[in-house]
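Here the structure is laid out as structure tokens; the discussion comes afterwards.
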């Protein structure tokens, strides 16, 4: 019996420009302050959900 393949970790979108705007959104990675705080504690599904929120914010901004 073989072991199931280990899932790759979903990487942080952080680009090292860490500053929150008036709406509590980072101007570098587009995550909210709460999402940035949760990132280290959520599993890959939680991280994908955060990245989906980021994509929605980017769509609305453009």
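Quick note: the coordinates plus some simple rules give every number you see, no bench work behind them. These figures come from a predicted structure and were not determined experimentally.
For the chain, what's the relative contact order in percent, using C-alpha pairs closer than 8 Å and at least 6 residues apart?
Details: 46 pairs, mean separation 14.7, N = 62.
Value for the chain: 24 percent.
Average 1/r across all pairs of distinct alpha carbons in the chain, invert it, and you get the Kirkwood radius: 12.7 Å.
Entry note, the chain: the mean residue ellipticity at 222 nm calculated from DSSP H runs of n ≥ 4, each adding -39500 (n - 2.57), is -12000 deg cm²/dmol after division by the residues and rounding to the nearest 500.
The C-alpha atoms of the chain define a longest principal axis, and helix 44-61 lies at about 30 degrees to it.
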